[in-house]
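Following: one structure in structure tokens, then a few remarks.
The values are calculated or read from the model by the stated rules, or taken from the named source; none is laboratory data. Source: prediction; values computed, not measured. No Cβ is skipped: glycine too gets one built from the backbone with ideal geometry, and neighbour counts run over all protein chains shown.
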Amino acid sequence: MAEAEYVTTRLSLTRTAVEKFAQNQAPQLARAAALLVQTFRAGNKVLIFGNGGSASQAQHLACELVNKMLKDRSPLPALAPTTETSILTSVANDYEFEAVFEKQIRALGRPGDLAWGISTSGHSENVLRGLKAAGELKLTRLSLAGPPGSPIGKVSDLCLWVEAPSTPLIQEVHLAAAHIICELVEMELFGEGGRG
């Protein structure tokens, strides 16, 4: 019985976090989707990165954009620098782990591309440095973070803040937000028909 009560309570916390995000960030979420649409329409790409669970989400989102979210359509250019294990370990070994995304952004990023950093704390130094490099190279900078006020907001053109009391709850809202962004991008670029 205690387990069932925990499940109910835990799902209630998720619902509350999602509802709070919807109330506070819905316009910014729509704006984030518009930034991706603008990037793709200009023939540019999206680079998505983060650590741990956020690294997994970065890979997941690159997959949704390249393959599909809900529609059978043309692929969109997106990649997750989190997947390049030889590059990650080389940079971490020869320089420092804080440079793993910065180096890849400098190598792959071009003006007009979009750098999408994900950090539940908003303090991940390698994500911050990746976004700083993106700014220097004239990339648009989007981020997903936890509660407002962390340093990631200062190195982002648009930051979607999630007010929730734990990392798992923040990650759950991040995934819901990112899925909605991908859905909005598909709707705008491909309409009801699919292939554009």
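Conditions (1) among the aromatic types (Phe, Trp, Tyr); (2) free of Cβ contacts under 8 Å to residues at least 24 places away in the same chain; (3) crowded, with 18+ Cβ neighbours inside 10 Å; (4) under 20 Å from Ile180 (Cβ atoms), marked per residue:
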residue: Thr39; (1), (2), (3), (4): no, no, yes, yes
residue: Gly50; (1), (2), (3), (4): no, no, yes, yes
residue: Leu65; (1), (2), (3), (4): no, no, yes, yes
residue: Thr82; (1), (2), (3), (4): no, no, yes, no
residue: Ala92; (1), (2), (3), (4): no, yes, no, no
Of the residues in the range 9-55 that are among the β-branched types (Val, Ile, Thr) and under 23 Å from Phe101 (Cβ atoms), the one that is nearest to the chain's Cα centre (by Cα) is Ile48
Flagged in the range 1-36 as among the polar types (S, T, N, Q) and either in contact with a strand residue (DSSP E or B) (Cβ under 7 Å, 6 or more places away or on another chain) or within 12 Å of Ala164 (Cα to Cα) (or both), in numbering order, are Thr14, Thr16, Gln25, Gln28
- Restrict the check to the range 50-60 and report whether at least one residue is within 20 Å of Leu184 (Cβ to Cβ) and touching a strand residue (DSSP E or B) at 6+ places or on another chain (Cβ under 8 Å). yes
Among Lys20, Lys45, the single one that is under 22 Å from Gly146 (Cβ atoms) and of a type in the set (D, E, K, R) is Lys20
Of those in the range 103-112 that are of a type outside the set (Lys, Arg) and surrounded by fewer than 24 Cβ atoms within 10 Å (Cβ to Cβ), the residue farthest from Gly43 (Cα to Cα) is Gln104
Quick count over the range 173-196, residues being touching a helix residue (DSSP H, G or I) at 6+ places or on another chain (Cβ under 7 Å) and surrounded by fewer than 19 Cβ atoms within 10 Å (Cβ to Cβ), is 7
Lys154 meets each of (1) among the basic types (Lys, Arg); (2) without any contact (Cβ under 8 Å) to a residue 12 or more places away in the chain; (3) in contact with a Lys or Arg (Cβ under 9 Å, 6 or more places away or on another chain) with one exception, condition (3)
**Q.** Test result for Leu175, at pLDDT 95 or above and in contact with a Gly (Cβ under 6 Å, 6 or more places away or on another chain)
**A.** no
By residue number, the members of the range 1-59 that are in contact with an Asp or Glu (Cβ under 8 Å, 6 or more places away or on another chain), assigned to a strand (DSSP E or B) and not β-branched (Val, Ile, Thr) are Leu47
Going through the range 136-161 in order, the residues found to be small (Gly, Ala, Ser) and surrounded by fewer than 17 Cβ atoms within 10 Å (Cβ to Cβ) are Gly149, Gly153
Among (1) more than 29 Å from Arg110 (Cβ to Cβ); (2) in contact (Cβ under 8 Å) with a residue 24 or more places away in the chain; (3) in contact with a helix residue (DSSP H, G or I) (Cβ under 9 Å, 6 or more places away or on another chain), Ala22 falls short only on (2)
